[in-house]
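Written below as C-alpha cells is the structure these notes are about.
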Amino acid sequence: MLIKAAEEKEIAAGGMKAFTLNGREIVLCNYGGTFYAVERACGHAGARLERGALTGWILTCPLHYAQFDIRSGAALSGPVPGRTESRHPDPADPSLVTKGLRTWPVKAENGSLYIDLQ
C-alpha cells in the first residue's frame, strides 16, 4: 500500500525527515537524490535517528553512535562502548547489541515520495 509521505523538495541532499504514517514512525533519507525509508528508532536504545548524522548511505545514531546502512537497514556497528576510570567495557557485552532497522520501499513520482508500508 503506497502512502504519500512528502515532497522531494522537503528533504535536501544528505538530509532526513521523520514521519508517522499509519502508526509507523519512519525516517526518510535522501542519499544522492535516491530516497530511503527506515524505522525511526535506533536498533540499540530507541534514539530518534533523524537527530543523527547521514554520511553517504551511513546513518549514525545521535545517542551512542551505532551505524546503519539506509539501503538495507543493516546494523554496521553497535554503539560506542562507554569508558570508566577503572576498566574498558567488553565490546561483546550483550548490552551493546544492536539490531538492524526495518526498511520500506520508496517510490518517487512527479516530485512526491510514496512509501510502500506492506
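The values are calculated or read from the model by the stated rules, or taken from the named source; none is laboratory data. Everything numeric in this text was worked out from a predicted model, so none of it was measured. All Cβ positions, even for glycine, are placed from backbone atoms using ideal geometry, and neighbour counts span all protein chains on display.
The set of residues in region 77-118 being aliphatic (A, V, I, L, M) and modelled with pLDDT of 85 or more consists of LEU101, VAL106, ALA108, LEU113, ILE115, LEU117. Among the residues of region 36-66, the ones that are within 19 Å of ALA108 (Cα to Cα), under 8 Å from the mean Cα position of the chain (by Cα) and surrounded by fewer than 21 Cβ atoms within 10 Å (Cβ to Cβ) come to 1 in all. Considered as a group, the residues in region 96-118 that are β-branched (Val, Ile, Thr) and not in a strand (DSSP E or B) include one that is surrounded by the fewest Cβ atoms within 10 Å (Cβ to Cβ), and that residue is VAL97. Looking across region 21-59, the residues that are of a type in the set (S, T, N, Q) and modelled with pLDDT of 95 or more come down to ASN30, THR34, THR55. Residues in region 26-35 that are under 9 Å from the mean Cα position of the chain (by Cα) and touching a residue at least 60 places away in the same chain (Cβ under 8 Å): ILE26, LEU28.
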